[in-house]
Amino acid sequence: MVVPNAYWAAALALASTSFAAPAQQPMEMSPFDPLKHLAAISPFYLPTREPDTLPTHCELDRVSVLVRHSSILGNDDEYAQTMGPFVDKVARIDRAALPAQGPWAFLREWETPIVENKLEKLSERGRRDAKALGRYLREQYAALFPPKKRGQEDADREDDEEVEPKRSKITDQGKGKGKGKSKKGKGEGKGKDEDQGRPTYKVWTASSARDIESAEAYIKGAFPAHQAGDDGHGDGDVIQLVKVPNKAAEWDRSLTPHKACAAFEKDSSLVPANKWLAVYGPRVRARIATLAPAFAAELDDNDVLAMQMLCGYETIAQGDSPFCSVFTREEWLAFEYHQDVRYHYMLGYGQPLAPYLGMPWAKTAAHLLDGKDSDGDEHPSANAEAGETAGAGLAAHDKLPPPRVPPNATHTQRLHVSFTHRESPGFVAVFLNLYNASDAAVPATRAPPLDRVVPGRAWRSSHLIPFLGHVALERFTCPGAHGRHGARDDYVRAVVNGKHEVMGGCEDGVDGSCRWDTFADWVEARAQRWGAWESVCTIDDDVLA
């Protein structure tokens, strides 16, 4: 992936308003940005200044990308457990008892934009960020996108009038006929699956509204308007957005397999995380007591966590937050470690179900990287029952077609992008054995201590699952070894938010990548090891022991 300097400079300029920073920088006069240390609450940013390029003389062949949805206006569980009780507590405090001057004086007039009736809704910033991600991925993987050029019919129309974006023609992808079939004759309309009458480029999304809306914004950023459609569902000719039910029983085509896994739960991950909170929380409250004693007297450790969460969500909602500037660098790093501990046990190497739940996407991605993306008999089509399992309250999106596996009809699509929830990139990272390279100082498999921060740890949720965090598997070719004339060798590498991460145990290729044949065998072996998805997802203490 070679990124032109001019483009990257523009992307960095965009980051100041769209990707990472609020309108008013937190902790002014300091290069430390709390928003890059908020784990799953971090607005999208790239952990490295520039994405890691391919080895010299190598070229991309195919790519599969799994993307977390964009930034929302608060998470249900985090609000119920943490932020909501703090907001209620502040409302009960006598404002006259709060300091009139100093860093905490804002509390006298503070009202949060994070309210219960807006939780889980995609923010306007989230839409902008997802659209920017589309432009970014278009630049990264330009050769893998369908051409931007219109069909001749549209070109003729442009001679006489300005062409408006077309409304999408969403159809059941399982049918070869219907509204999605192009009216052009055979040979017209580049990018169209002429044999089946279906679009050749699909973007997949989980069925929650925040996923669908993120995917719509991504499509508007990644494709020209005449392909994206004015609703972001695609034009029904070249591009199409496909909805995958969250709780599809057919786990191997769900982008959110944990939602169909009865044994998966999140609350137990809070136990070890809150042991660390009990260490750093009192220190923070003691410091606040020196500045705002009456306020500090009302606080418990969970309130410290709530204020640090509000920094992220308020910035997403309104551009900045007073809470971003009232904590020290060490206190932000302590919060980040709390989140790393939590996600280690919720979706990382401390979660026994993680490799099982990461297997479906990773195995499908390997299948697609191999070019085996035919809708033949080996793949089940979506049935009516699966289509009925989509989440409630999505009437506006019900016209999206149900999925097929894999997501393409005729071997023409070389870039597959799917939108999902925060859990799935973590599961995939475990299945791919990321952050466990042989040279890792503190590999991700190591249980995090609960009495101190580990600075050199490889597992950092802020780098893996910020909003729009994404894991890509890139297949690429390089000149063959031993001077073979014209020969090229195939490799695969994992890239997380622009940074190449070594797949531990599959690193026999150039620059820490994996040879294609090794990768295919390695994924299949791991799928055999962690393929008993249905058996481990039943609530059975004997199975999970």
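The values are calculated or read from the model by the stated rules, or taken from the named source; none is laboratory data. These numbers come from a predicted model, not from an experiment. As a convention, Cβ positions derive from the backbone with ideal geometry for all residues, glycine included, and neighbour counts pool all protein chains shown. Keep in mind that these areas ignore ligands, DNA and RNA; they rest on the heavy atoms of the full protein, side chains included. Shrake-Rupley method; radii C 1.70, N 1.55, O 1.52, S 1.80 Å.
Taking a point 7 Å out from the Cα of Ala143 in the direction of its Cβ, the residues of region 62-83 whose backbone N falls within less than 19 Å of it are 62-65.
Residue by residue, region 300-309 carries 3J(HN,Hα) couplings of 10, 4, 5, 5, 4, 4, 4, 5, 6, 5 Hz when phi is fed to the Karplus relation 6.51 cos²θ - 1.76 cosθ + 1.60 (θ = phi - 60°); x denotes Gly or Pro. Model label points for Ser535 and Gln101, set 7 angstrom from Cα along the Cα-to-Cβ axis, are 7.1 nm apart. Heavy-atom surface analysis with a 1.4 Å probe gives region 295-343 a carbon and sulfur content of 42 percent of its accessible area.
Between Lys266 and Ile93, the simple spin-label model (points 7 angstrom out along Cα→Cβ) gives 2.7 nm. Residues whose amide H falls under 5 Å from that of Val244, counting only those 5 or more places apart or on a different chain, are Thr205, Ala206, Ser207, with hydrogens built in the peptide plane. Under the criterion of Cα pairs below 8 Å and six or more residues apart, the relative contact order for region 69-137 equals 55 percent.
Just to verify a number: FRET efficiency for Glu524 and Ala225, C-beta to C-beta distance, R0 = 41 Å, to 0.05? Write out the running numbers ahead of the final one.
Working: r = 41 Å, r/R0 = 1.01.
That gives a FRET efficiency of 0.50.
Could you do me a favour and compute the accessible area per residue for region 412-516, 1.4 Å probe, result in Å²? Mind showing how you got there, number by number?
Values: 3520 Å² over 105 residues.
Averaged over the residues of region 412-516, the accessible area is 34 Å².
Taking 0.36 nm per residue of separation and subtracting the Cα-Cα distance, full extension of the segment from Thr53 to Ala278 would add 76.8 nm. The stretch between Arg488 and Ala441, if pulled fully straight at 0.36 nm per residue, gains 13.5 nm over its current Cα-Cα span.
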